[in-house]
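Right, one structure below, let's go through it.
Derivation of every value follows stated rules applied to the coordinates shown; laboratory data play no part. Since this is a predicted model, take the numbers as computed values, not measurements. Every residue, glycine as well, gets a Cβ built from its backbone with ideal geometry; the counts of neighbours run over all protein chains shown.
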Amino acid sequence: MCLALSKPTVAILGSGNIGIDLAERILAMQEFSLVGVIGRRRDSPGLNRMSVAGVSIFPDGIDEFLSSGLKVDGFFDATSAMDHLRHWKKIENQTDSWVIDLTPSRVGREVIPVIDGDSISADTDRNLNMVTCGGQSSSPILHAMVESAKEILEVEVSSSIASDSAGPATRRNLDNYIDSTEATAQRISGVPAKVILVLNPSKPQVMMRTSVTVRAGQMNLETARGAVESMVSKVALSVPGYMLVLPPTEVSAGVFMTTVSVEGAGYYLPKYAGNLDIINAAALQTARILESVPQ
Amino acid sequence: MIGLHDVTLRDGNHALRHQLSTEQVRRYCDLADQSKVDVVEVGHGNGIGASSYLVGKSFETDFDLLSQARESLKRAKLGIHVIPGFATFKRDVAMAIDCGVDVFRVAAHVTEADVCSAHLERLTGLGVFTTGVLMMSHMASTEVLTSEALKLRDHGAGGFVFMDSAGVFRPEDVAVRSRSLRDSLGPTYPIGFHAHNNLGYGLANSISAISNGADSIDASAAGLGAGAGNLNLELWGVWLQDQGHLDESESDIFISMAELIEDLFTPNLPRISSQSVRSGLAGAFSGYSPQVAMASQSHGVSTQAIWREIGARGLVAGQESAIWEIAQDLSNL
């Protein structure tokens, strides 16, 4: 059997930092065949980098790719929420491909691969959304805390990230980030969630940190610590920089907090950009599930 | 005319661990309305929408506090502080608009002005008065502070305030910044300064700001505020009277406002303490005091070591959860 031919094929929309990091990850891991990177500008540094690496580039956008006759199993969309709406219409109507959306468009179902993995299916899911970096980093430990508690009364997720890792779109509208992250935390916990994001400009840049705080009717701290630790190791299989820095701790009566830090793998993005790393890792993990890539 | 922005019922809420009640708002606003303060700012210490385990839960909702203040204030304007990342437009700012707030201060860490852009632009579009605020302004150079202030103005802010959130500045630091801001923002643009007393420079810094181009000052009755508190309103009144801006009876109302605060909040009154000096020297956010005390006690490490580590790790406001991690790390040493 020729392994090279059996690889699922993918294309990436967007030649910014996230798109190129994802591309270099795909090239390094060799599980998928990267058919092309689609951009919007001929002079994009990201596209040039891809071209040098021997990847086909499509500087005139998705129409150029679709009219090329090339077919892929799936797309990753690392553009913007607004562009995704346009891209999705074309992908839905003109192809049979799935799309994994890394923008905060909230068009597709919002998934956290380590939690929702079993429910993801290529037959029913053609558009899956990666929520936010805060959603990807908090949901696993939130899920573990929820499983260890009798009754969850309140949930809070706060993240701090290096200023340099927050792109202009994120900075312009933190409200989108908060809305999307709150929706996912509420889905996992069953109660309304409060989400906070703080940008820290310190140099050297700080690693992303996410704290999950829950108020619970009852929680066994030992159980919670075990559950959180095992969940962290599970996530770390695809995000090696995902680390527990504060195990579940009772910070006041009935209120429990746990904190993880996320260091990036350092493909194209710097290591401090753990927030961008975890969303790319989640996208790739979701693609593996969709294409039943052995793990 | 020197503007006067009263932050007693907002920054003061830090000292009260955000337990301010509507009854206290009513009593204070009734008195403040007879005084010469231009704006009374109300809400959670970290601004509306910030009630949380991370920075402290409010005793009453922002809606209830603002509604009470709106009812009581006939003359003075009602203001809020809002930090994007804590509050969202849809959930929190829209509520404040409905409550009839007059002055919207949109705030960010000193280097992060652009996170205010969406809120400022939407508010400006609605025709309400906005002010851009940069917090922890000691963590950037004068040049960066000034260029970030220009960004806020470009996003529509009708005025600007720089905050010495950690109470680090000396009068000459404030002078240099005030002059640079005045030069860049133009002769008529409103520029305010917000002091903290951690190293005892609140009054001297405020005078320095006014003498070097700022035209508005934040003050708090009895200094009620985070850390060692803000510039004392009653002391500012004395200075304003000395300068001929107020007569004796006008200045006296500020003293009565401080008296009320002292009566209402005796156990919570901020003071310059060994802790505040340590936090000031470390350049750490004044609002961290309660969490530092709690984490110190629970992990058996000194507050001094925690303050120093907060400074060394360059924590910005809103990273209270990191204090627990620091205490844990120090206890494992």
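Filter the cross-link list A:Lys150/A:Lys194; A:Lys203/B:Lys90; A:Lys203/B:Lys151; A:Lys90/B:Lys90; A:Lys89/B:Lys151; A:Lys234/A:Lys271 down to pairs whose alpha-carbon distance in this structure exceeds 27 Å.
Numbers: A:Lys150/A:Lys194 20 Å; A:Lys203/B:Lys90 33 Å; A:Lys203/B:Lys151 22 Å; A:Lys90/B:Lys90 31 Å; A:Lys89/B:Lys151 36 Å; A:Lys234/A:Lys271 20 Å.
As for pairs spanning more than 27 Å Cα to Cα, those are A:Lys203/B:Lys90; A:Lys90/B:Lys90; A:Lys89/B:Lys151.
Taking the beta-carbon count within 10 Å as an exposure proxy, list A:Thr223, A:Thr249, A:Thr95 from fewest neighbours to most. Please list the in-between numbers first.
Details: A:Thr223 14, A:Thr249 21, A:Thr95 17.
Listed from fewest to most nearby Cβ atoms, that is A:Thr223, A:Thr95, A:Thr249.
Taking the Cα centre of region A:1-134 as the origin, how large is its charge dipole in debye, to the nearest 20, when only Lys and Arg (+1) and Asp and Glu (-1) carry charge on their Cβ atoms? Could you put the intermediate results ahead of the total?
Working: 13 positive and 18 negative charges, 75 e Å.
Roughly 360 debye for region A:1-134.
At what distance in nm do the modelled label points of B:Ser274 and B:Ser298 sit from each other, each positioned 7 Å from its Cα along Cα→Cβ?
2.4 nm
Fully extended, how many nm does the chain gain between B:Asp98 and B:Arg313 (0.36 nm per residue separation, minus their Cα-Cα distance)? Don't skip to the end; give the middle numbers.
Working: separation 215, 0.36 × 215 = 77.40 nm, distance 3.99 nm.
Contour length minus the Cα-Cα distance gives 73.4 nm.
So how far, in whole Å, is the C-alpha centre of region A:220-235 from the one of region B:30-56?
Their Cα centres are 40 Å away from one another.
Output the antiparallel fraction of DSSP beta bridges having both residues in chain B, as a percent to the nearest 5.
Details: 2 of 35 bridges.
Beta bridges within chain B, antiparallel portion: roughly 5 percent.
Suppose only helical runs count, i.e. DSSP H with n ≥ 4. What mean residue ellipticity at 222 nm does that imply for chain A under -39500 (n - 2.57) per run, divided by all residues and rounded to the nearest 500 deg cm²/dmol? All intermediate terms of the calculation are to be shown ahead of the outcome.
Values: 11 runs with 118 residues, N = 295.
Here the helix-only value at 222 nm equals -12000 deg cm²/dmol.
Take the Cβ-Cβ distance between B:Arg26 and A:Asn93 as r, set R0 to 51 Å, and report the resulting FRET efficiency rounded to the nearest 0.05. Can you show the working numbers first?
Working: r = 60 Å, r/R0 = 1.18.
Efficiency for this residue pair is about 0.25.
Only bridges whose two residues both fall in region A:133-272 count here: according to DSSP, what percent of them are antiparallel, nearest 5? Could the numbers behind the result be given before it?
Details: 24 of 32 bridges.
Looking only at bridges with both residues in region A:133-272, the antiparallel portion is about 75 percent.
Using DSSP, restrict attention to beta bridges with both residues in chain A and report what percent are antiparallel, rounded to the nearest 5. Could you put the intermediate results ahead of the total?
Values: 24 of 52 bridges.
Of those bridges, close to 45 percent are antiparallel.
Under a Cβ-Cβ cut-off of 15 Å, what is the net charge of the residues other than B:Gln319 that fall near it, where Lys and Arg count +1 and Asp and Glu count -1? Mind showing how you got there, number by number?
Details: positive: A:Arg209, B:Arg313; negative: A:Glu156, B:Glu112, B:Glu309, B:Glu320, B:Glu325, B:Asp329.
Local charge sum for B:Gln319: -4.
What list of ³J(HN,Hα) couplings, whole Hz, do you get for region B:14-29 from phi and the Karplus terms 6.51, -1.76, 1.60, once you set θ to phi - 60° and write x for glycine and proline?
4, 5, 8, 6, 6, 9, 4, 10, 5, 4, 5, 4, 4, 5, 5, 5
Once amide H atoms are built 1.01 Å from N in the peptide plane, which residues 5 or more positions from A:Ile196, or in another chain, come under 5 Å H to H?
A:Val157, A:Ser158, A:Ser159
Taking the Cβ of A:Ser67 as the centre, find all other residues whose Cβ is under 15 Å away and add up their charges (Lys, Arg: +1; Asp, Glu: -1). Each step should come with its number before you reach the end.
On the way: positive: A:Lys71, A:Lys90; negative: A:Asp60, A:Asp63, A:Glu64.
Neighbourhood net charge equals -1.
State to the nearest 20 debye the size of the charge dipole of the protein assembly as shown about its Cα centre, where the only charges are +1 on K and R beta carbons and -1 on D and E beta carbons.
Numbers: 49 positive and 71 negative charges, 230 e Å.
That gives a dipole near 1100 debye.
Please rank B:Leu333, B:Leu233, A:Leu66, fewest neighbouring Cβ atoms within 10 Å first, as an exposure proxy.
B:Leu333, A:Leu66, B:Leu233
Considering only A:Ala166, B:Val133, A:Ile152, whose Cα is most displaced toward the positive end of the charge dipole of the protein assembly as shown, charges sitting on Cβ of Lys, Arg (+1) and Asp, Glu (-1)?
Result: A:Ala166.
Quick check for me: using +1 on Lys/Arg Cβ and -1 on Asp/Glu Cβ, what's the dipole size of region B:155-308 about its Cα centre, in debye to the nearest 20? Display every interim value, and only then the final one.
Values: 7 positive and 15 negative charges, 196 e Å.
Using Cβ point charges on Lys, Arg, Asp and Glu, region B:155-308 gives about 940 debye.
For A:Glu263, what residues show an amide H to amide H distance below 5 Å, using hydrogens built from the backbone and excluding near sequence neighbours?
Here A:Gly241, A:Tyr242, A:Met243 satisfy the definition.
Straight distance only, please: which lysines reach the Cα of B:Lys36 with their own Cα at less than 23 Å, same-chain residues fewer than 8 apart left out?
B:Lys74, B:Lys77
Could you pull out every residue, at least 5 positions away or on a different chain, whose amide H is within less than 5 Å of the one on B:Ala228? Hs are placed 1.01 Å off N in the peptide plane, and Pro or chain starts have none.
Counting only residues 5 or more places away or on other chains, the set is B:Asn197, B:Asn198.
So what's the angle, to the nearest 10 degrees on a 0 to 90 scale, between helix A:81-94 and the longest Cα principal axis of chain A?
Around 60 degrees separate the two axes.
At 7 Å along the Cα-to-beta-carbon direction for both B:Ser141 and B:Asp64, put a label point, then send me their distance in nm to one decimal.
Distance between the two pseudo-spin positions: 4.9 nm.
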